[in-house]
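Colleague: Pasting a structure below so you can have a look.
Read-outs: derived from the displayed coordinates by stated rules, not from any lab. Just so it is clear, the structure is predicted and the values come from calculations on it, not from any experiment. Neighbour counts are summed over all protein chains in view; Cβ atoms, including those assigned to glycine, are modelled from backbone coordinates with ideal geometry.
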């Protein structure tokens, strides 16, 4: 029985067919170099689709790498290592460019109307227009006296140190 709808982090077959050609191939082992371990030794690399689905899971859920469900994706460190390799190889830039090109063909991007919005500094007049920070509502602005004690005051309010005693 198949689900009618995939979860937001699951990679559909149609999407995977578009992503798979962009996945970088692992480096080929040099014949001239001497290796202590024979070719093919060690663990087999994780399935690229599983790795890509784990990366999409992190992006969609916002979880940390170490919080990836191990029963579904395996070692979070291995997934993150492959993510860094793919990022260095330019997979995500290529994926972004392919997505833009496909959207351009389907809908057409109105490049003339594109804009970027961002704030780098605090708004100087924001306090006047929006009021105090709502997270500061319960805070007392003056230090409360300790119950049962008199407030501390210096014995002399002001002493001019230039005058001799």
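Colleague: Between residue 104 and residue 7, what's the calculated FRET efficiency when r is the beta-carbon distance and R0 is 25 Å? Round to 0.05. It would help to have the intermediate numbers written out before the result.
Modeller: Working: r = 28 Å, r/R0 = 1.14.
E(calc), rounded to 0.05, equals 0.30.
Colleague: Starting from 0.36 nm per residue, how many nanometres of slack lie between residue 88 and residue 34 once their C-alpha separation is accounted for?
Modeller: On the way: separation 54, 0.36 × 54 = 19.44 nm, distance 2.60 nm.
Full extension from residue 88 to residue 34 adds 16.8 nm.
Colleague: How big is the Rg/Rh ratio for segment 65-110, C-alpha atoms only, Rh by Kirkwood, two decimals? Kindly include the intermediate steps, with their values, before the conclusion.
Modeller: Details: Rg = 15.3 Å, Rh = 12.6 Å.
Taking Rh as the inverse mean 1/r over Cα pairs, Rg/Rh reads 1.22.
Colleague: How far, in nm, would the chain grow between residue 81 and residue 66 when pulled straight, counting 0.36 nm per residue and subtracting the alpha carbon separation?
Modeller: Numbers: separation 15, 0.36 × 15 = 5.40 nm, distance 1.20 nm.
Full extension of this stretch gives 4.2 nm more.
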